[in-house]
Every structure is written in C-alpha cells, then in structure tokens.
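K.L.:
Before I ask anything, here is the structure I am working with.
Rule-based calculations on the coordinates, nothing more; no lab input. Nothing here was measured: the structure is a model prediction, and the numbers come from that model. Positions of Cβ are backbone-derived with ideal geometry, glycine not excepted, and every protein chain shown enters the neighbour counts.
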Amino acid sequence: MARLVFDAAAALTILFAAVMVVHRHPVKSVLALVVSFFGLAVCYVMLSAPFIAAIQVIVYAGAILVLFLFVLMLLNVGEETREREPWPFQRIFSGVALVVFAGMLLGLLRAHGSAIATPRAALTGEIAPLARLLFSRYLLPFEALSVLLLAALVGAFVLAQRENRP
Amino acid sequence: MIGSIPLGDVLLASGALFTVGIAGALLRRSAIAIFLSIEVMMNAANLALIGYGSALGTREGQIVVFFVIAIAAAEASVGLAIFVAVFRHKETIDVNKINLLRW
C-alpha cells in the first residue's frame with residue numbers, strides 16, 4: 001500500500017515536471033512545478049520524512065516558486081518564441097546526449113540500486129531526534145547557513161536595485 | 001512504512017526526475033525555464049538522499065536535504081536578481097540573445 005502511494009506520487013511528480021519542460025508559457029511552467037513539488041512532498045511523507053515534506057511545501061512551493069512568479073510578473077515575460085534554429089544540430093546533439101545519459105543512469109540503477117535494500121532500523125517520522133541532531137552536531141553549518149542567507153539577501157538587493165547613483 | 005518501499009523505486013524516480021531536469025535545461029531557451037529545470041534536478045538529488053537515508057535508517061540524509069533546500073532558496077534569490085539586472089540592460093532573458101560574456 002505504501003509502495004502504491006509512493007509510486008503514484010512519484011509518477012505525478014515526474015509527469016508535472018515534464019509538463020513544466022514542454023509548456024512554452026513561463027507562468028504555466030511554474031504552476032506545473034508547484035504541483036510537481038507537492039507530489040514530491042507526498043513522496044517524502046511516504047519515506048518517513050514528514051519534516052522535510054513540510055519544508056518542501058512551505059519553502060519550495062510556497063516561497064521559492066512564488067518568488068519566480070513575482071519576477072515573471074515584474075519582467076512581463078511572454079511565451080518563448082520558436083524561430084528557426086541557427087544551428088539545428090545543437091538540438092539533435094542534446095537529444096542524443098539525453099538518451100545516452102538516461103541509458104547510463106538506468107543501467108547504473110539496475111546494477112547497484114538494490115544493493116542496499118535492507119533497512120537496519122526502521123525510521124520513525126519523529127521530529128525531535130532530527131532537531132537534536134541539527135542543534136548539536138550540525139550547529140555550526142546551521143549558523144553558517146544563516147550568514148549565507150543574509151549574504152544572499154544583501155546580494156540580491158544590490159544586484160536588483162536601479163543604478164541611479166552618480 | 002520503510003520496509004514496503006524498495007530503494008530501487010526511489011532511485012528510479014530520482015533518476016527519471018533528474019533526466020527531465022536535464023532535458024529542460026538543454027531544450028528551453030528562457031533563462032527562467034532553465035533555472036526551474038535546475039531546481040528540478042536539485043529536487044531529484046534530494047529525493048535520492050531521503051531514499052538512502054530512509055533505507056539506511058539514519059537521519060543524516062534529512063539534515064543534508066534541509067541544508068540543500070535553504071541553499072536553494074539563497075541561490076534562487078540571487079539568480080532571479082541577476083535576471084532582473086540583465087533584463088534591464090538587454091530587455092530580454094532569452095539565452096540565445098544574451099552574449100555578454102562571449103567576446
């Protein structure tokens with residue numbers, strides 16, 4: 001039953017990611033990606049990581065993609081134009097590279113994917129042990145992360161402001 | 001719950017999602033669509049991390065995914081600010097028309 005739900009959610013995720021790739025309108029692409037990330041959150045719940053699922057919905061679908069939508073609204077980007085390719089072999093090469101990459105990936109997964117299929121101890125979805133780990137052993141990266149977010153905030157502000165200084 | 005989902009399913013979904021992201025990054029020409037495809041690839045890596053962490057019974061995978069999501073938020077804000085700055089100069093974010101670094 002858990003496997004069925006996981007497979008359905010994963011199929012939904014991949015399907016809407018593909019919808020994101022083929023849609024030419026950027027707003028529809030972002031909205032398809034929101035649905036895809038909700039499917040991914042269901043996958044995380046089934047893999048007993050409910051905290052990461054909540055983060056996925058709140059931060060990814062709620063903040064990052066809304067930021068994308070804001071920038072799209074700000075720039076007023078229309079549909080992608082499909083004029084004649086100056087070098088059509090670019091597209092052919094990218095298709096060939098994609099097929100080769102997918103084949104290699106699937107071969108690798110078939111060879112090694114089932115090697116570590118025995119769980120040592122079943123993981124419960126509790127958040128308290130995760131928080132204990134985050135605030136003891138990983139405290140320094142956690143604090144460094146806050147400095148990184150501050151730097152990104154200042155950097156984004158400097159990059160996006162108008163150049164009206166003399 | 002963990003015993004009933006084989007790791008192969010998780011890795012297969014992760015690989016398929018990564019391939020979709022690669023296809024988007026190669027085929028699309030709007031810079032924002034390429035950026036979205038990169039986000040999809042990052043999420044495929046996250047799914048593999050969670051799957052392995054769940055299969056091995058450790059929580060380190062979730063910690064790493066937490067950090068990856070926070071860094072993705074920082075990266076998205078800076079990247080979108082760069083797009084806004086480029087759009088002010090060139091009036092487009094079509095990557096075929098942006099060749100500021102070519103010569």
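K.L.:
Starting from the Cα of A:Leu106, step 7 Å along the direction of its Cβ; do the same at B:Val95; then give the gap between the two resulting points in nm.
P.N.:
So the two model labels end up 2.5 nm from each other.
K.L.:
In angstroms, what radius of gyration and Dmax does the protein assembly as shown have, counting Cα atoms only?
P.N.:
Answer for the protein assembly as shown, Rg first and Dmax second: 19.8, 65 Å.
K.L.:
Only four residue types carry charge here, +1 at the Cβ of Lys and Arg and -1 at the Cβ of Asp and Glu. Report the dipole size of region B:2-90 about the Cα centre in Debye, rounded to the nearest 20.
P.N.:
Dipole size: approximately 420 debye.
K.L.:
Send over the per residue convex hull volume for region A:1-79, Cα only, as a whole number of Å³.
P.N.:
Each residue corresponds to 57 Å³ of Cα convex hull volume.
K.L.:
Order B:84-91, A:59-66 from most to least packed using the mean count of other Cβ atoms within 10 Å.
P.N.:
Descending packing order for the listed peptides: A:59-66, B:84-91.
K.L.:
What is the mean projected area of the alpha carbon convex hull for chain B, to one decimal in square nanometres? The partial results should precede the final answer.
P.N.:
Values: hull surface 30.8 nm².
That works out to 7.7 nm².
K.L.:
Take A:Met1, A:Met104, B:Met42 and order them by how many other Cβ atoms sit within 10 Å, fewest up front.
P.N.:
Placing the least packed residue first, the sequence is A:Met1, A:Met104, B:Met42.
K.L.:
Mind giving me the nanometre distance, one decimal, between the label points for A:Leu98 and A:Ile127, set 7 Å out from Cα along Cα→Cβ?
P.N.:
So the two model labels end up 3.9 nm from each other.
K.L.:
Calculate the mean, over all residues of peptide A:124-131, of how many other protein chain Cβ atoms lie within 10 angstrom of the residue's Cβ.
P.N.:
Partner Cβ neighbours, averaged per residue: 1.
K.L.:
Please compute the average number of Cβ atoms from other chains found within 10 Å of each residue's Cβ in peptide B:33-40.
P.N.:
6
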